[in-house]
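The numbers here are math on the coordinates, done by the rules we state, and not lab data. Here the structure is a predicted model, which means the values were calculated and not measured. Please note: Cβ atoms are built from the backbone with ideal geometry, for glycine as well, and neighbour counts cover all protein chains shown.
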Amino acid sequence: MQSTEPERRVVVGVDGSPSSYEALRWATRYAQTVNAVVEVIHAWDTPAPIGWSSGPTIDLEFDLEQARQRFAEELRAVFPDERPAALQERLAKGDPSEVLIRASEGAEILVVGRRGRGNFARAMLGSVSQRCAQHAVCPVVVVRQERDPAH
């Protein structure tokens with residue numbers, strides 16, 4: 001007999017930063033404890049042209065291929081041997097915070113990393129994690145990068 005309950009989903013954003021790798025590891029461990037799938041999202045956006053005549057030429061296919069390669073590298077960095085069976089990969093075009101906020105609909109939890117830069121920045125959440133914490137429709141966990149043992 002098949003269950004009529006919807007599949008439990010843990011959403012996590014990755015962007016190549018060490019804190020996003022920690023967020024993916026955390027999300028995977030959490031999903032295993034609650035029997036959920038992990039929807040790992042890499043959001044990419046094409047830079048806006050500066051102007052009609054002075055703007056850069058944008059090759060959407062090239063940008064998409066670059067995003068695919070970065071996403072694959074990110075997943076290999078976290079899971080070098082084998083990816084968990086309950087991992088669902090999603091490459092999404094758009095502003096990362098908006099993509100993740102939309103993905104939070106119907107999710108059990110949204111997990112994001114926190115990027116800190118310098119002494120002042122360490123006291124604040126990054127813009128994506130802050131926007132997600134403020135606007136997601138599910139609970140949000142913000143994971144920080146583990147301290148470098150050399151420091």
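Each peptide in 74-86, 23-35, 94-106 receives the mean, over its residues, of other Cβ atoms within 10 Å, and ordering these scores from highest gives 94-106, 23-35, 74-86. Available extension along the chain between R102 and H135 is 10.9 nm, counting 0.36 nm per residue and deducting the alpha carbon span.
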